[in-house]
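Each remark here refers to the structure printed beneath this line.
Quick note: the coordinates plus some simple rules give every number you see, no bench work behind them. All values reported here derive from a predicted model rather than from experimental measurement. Counting neighbours? That spans all protein chains shown, and the Cβs are built from the backbone with ideal geometry, glycine included.
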Amino acid sequence: MLILSPSILAADFKRLGEQIAETTQAGAEYIHLDVMDGMFVPQISFGMPVIETIRGCTDKVFDVHLMIEDPGRYIEAFAKAGADIITVHAEACTHLDRVIGQIKAAGKKAGVALNPATPLCALDYVLDGLDMVLIMTVNPGFGGQKLIPYCLQKVKDLRALCKKRGIQMDIQVDGGIKASNTKEVIEAGANVLVGGSAVFSGDVAENTKAFMDVFAQMNDL
Ligand code: DX5
Ligand code: ZN
């Protein structure tokens with residue numbers, strides 16, 4: 001299934017509830033929540049209180065992307081705040097296997113994110129236990145960047161690896177995703193697409209619909 005996961009990092013925070021409703025009414029199934037700690041990435045965004053507050057606005061899937069050091073410290077707290085999927089960076093975990101176990105023990109879907117320069121082999125031994133892999137298509141930390149083209153090769157390689165190992169898994173891409181490159185990233189093997197500025201700059205409903213139109217075309221192929 002092709003899924004759009006709008007990243008609220010690019011939303012108008014004064015109108016967060018309304019903007020979430022606009023994108024979900026136009027077809028977005030997930031809401032992508034970028035948590036930044038000022039350590040793993042330079043910026044600080046938001047944390048549990050914001051997630052808890054907007055949990056009341058929608059029953060769509062909360063897709064929480066933790067760009068924080070040593071995320072194992074906070075898995076339980078994000079689960080309680082309303083996360084459905086918790087994605088941690090392989091680069092931020094000394095004990096990745098343990099953190100994946102913590103996410104599962106909290107009853108949530110487990111995702112692992114890889115920065116552009118991190119090779120797929122970092123996931124060799126944990127891949128089977130994951131619900132989603134997030135292939136970062138920019139260096140994390142900021143919205144509005146351009147997709148790094150070689151990351152699409154990593155998406156292709158991961159999809160091929162999953163096929164070879166008989167694993168059905170979601171592959172998410174995040175960073176520089178727009179309606180205009182959606183076809184290309186889906187063809188590479190991604191099925192969960194994060195859109196920040198491409199969804200929230202301008203008319204949110206129209207922007208979401210532009211993604212949905214490409215999804216419909218791809219489903220018809
Ligand atoms: C980047 C974040 C992204 C960001 C994407 O570090 O993980 O989710 O919001 O923004 P765009 O789609 O504008 O590149
Ligand atoms: Zn993200």
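Some points to look at:
- Modelled label positions at L16 and A122, each set 7 Å beyond Cα in the direction of Cβ, lie 2.8 nm from each other.
- Each other residue within a Cβ distance under 12 Å of R73 adds +1 if Lys or Arg and -1 if Asp or Glu, for a net charge of -3.
- Spin-label pair K104/R165, simplified geometry with 7 Å Cα→Cβ offset, distance in nm: 1.3
- Of all lysines in the structure, those lying under 21 Å Cα to Cα from K80, and not within fewer than 8 positions of it along the same chain, are K60, K104, K108, K109.
- More than 18 angstrom apart: percent of Cα pairs within the stretch 14-69: 36
- The amide H of A113, built 1.01 Å from its N in the peptide plane, has V88, H89, A90, L134 as neighbours under 5 Å, considering only residues 5 or more places off or on other chains.
- Computed E for E52/F142 - FRET, C-beta separation, R0 30 angstrom, nearest 0.05: 0.75
- Calculated translational diffusion coefficient of the stretch 55-201 (20 °C, 1.002 mPa s; Stokes-Einstein with Kirkwood radius over alpha-carbon pairs) equals 138 µm²/s.
- Fewest-first ranking of D124, D220, D157, using other Cβ atoms within 10 Å as the exposure measure: D220, D124, D157
- Electrostatic tally near A113: other residues with Cβ closer than 9 Å to its Cβ, Lys and Arg +1, Asp and Glu -1, net -2.
- Using C-alpha pairs under 8 Å with a sequence gap of at least 6, the mean separation divided by the residue count of the stretch 1-45 gives a relative contact order of 41 percent.
- Potential lengthening between H95 and D59 on full extension [0.36 nm per residue; Cα-Cα distance subtracted]: 9.8 nm
- Short-range pairs are left out: with C-alpha atoms under 8 Å and at least six residues apart, the relative contact order of the chain is 21 percent.
- Residues I135, I85, sorted so that the one with the fewest Cβ neighbours within 10 Å comes first: I85, I135
- Per residue, the chain reaches -11000 deg cm²/dmol at 222 nm when only DSSP H runs of four or more residues are counted, each adding -39500 (n - 2.57).
- Computed over the stretch 47-160: relative contact order in percent, which uses C-alpha pairs under 8 Å that are six or more apart: 20
- Stokes-Einstein diffusion for the stretch 165-221 at 4 °C, viscosity 1.567 mPa s, with a Kirkwood radius from C-alpha pairs, works out to 109 µm²/s.
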